[in-house]
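The values are calculated or read from the model by the stated rules, or taken from the named source; none is laboratory data. Because the structure is predicted, anything quoted here is derived from the model rather than measured. Methodologically, a virtual Cβ is constructed for each residue, glycine included, from the backbone with ideal geometry; neighbour enumeration extends over all protein chains shown.
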Amino acid sequence: MSYFMYDVMGGAIDEPDPEAMRQVLDGLANADDEHPDVSLSHESGWCLSAFRSGLLIWENTEDGSVAPVEMREVTREEILRLFQLLAAGDIASIAALPWRR
């Protein structure tokens, strides 16, 4: 399975391991209005975007008919867990969570 991350400055990291994911999440401390999030995208088109506030957005960037959904106040450890699920291609487990439109 192929996946990649964008850090807070938009730099791409191919198939990061959990430690690299953790480092990218640490970069949220430097987020600003122009660079507010980090994300992990899977080859299926599914993407998780995380913001410093704990906002997490789940969307399919390749299917415009699927509306993005969100969760708020998500902990850093939960974000890391979900990034790892997405990297493994476990779309169903992420989709089953209590997302809000």
TODO: Determine, yes or no, whether Asp37 is out of contact with any Phe, Trp or Tyr (no Cβ under 6 Å at 6 or more places or on another chain) and farther than 16 Å from Arg101 by Cα.
DONE: no
Open item on the list: Tally up the residues in segment 22-61 that are of a type in the set (Val, Ile, Thr), surrounded by fewer than 17 Cβ atoms within 10 Å (Cβ to Cβ) and out of contact with any Gly (no Cβ under 8 Å at 6 or more places or on another chain), please.
Closed with: 1
Open item on the list: So, Phe4, is that one surrounded by 13 or more Cβ atoms within 10 Å (Cβ to Cβ), hydrophobic (A, V, I, L, M, F, W, C) and closer than 24 Å to Pro98 by Cβ or not?
Closed with: no
Task: Cβ pairs under 9 Å, 6+ apart, first in segment 78-90 and without any contact (Cβ under 8 Å) to a residue 40 or more places away in the chain, second assigned to a loop (DSSP other than H, G, I, E, B) and surrounded by 22 or more Cβ atoms within 10 Å (Cβ to Cβ) - done: none
TODO: Can you confirm whether segment 51-67 contains a residue that is in contact (Cβ under 8 Å) with a residue 40 or more places away in the chain and more than 18 Å from Pro98 (Cβ to Cβ)?
DONE: no
TODO: Can you confirm whether segment 78-89 contains a residue that is surrounded by fewer than 17 Cβ atoms within 10 Å (Cβ to Cβ), at pLDDT 95 or above, more than 14 Å from Met5 (Cβ to Cβ) and among the acidic types (Asp, Glu)?
DONE: yes
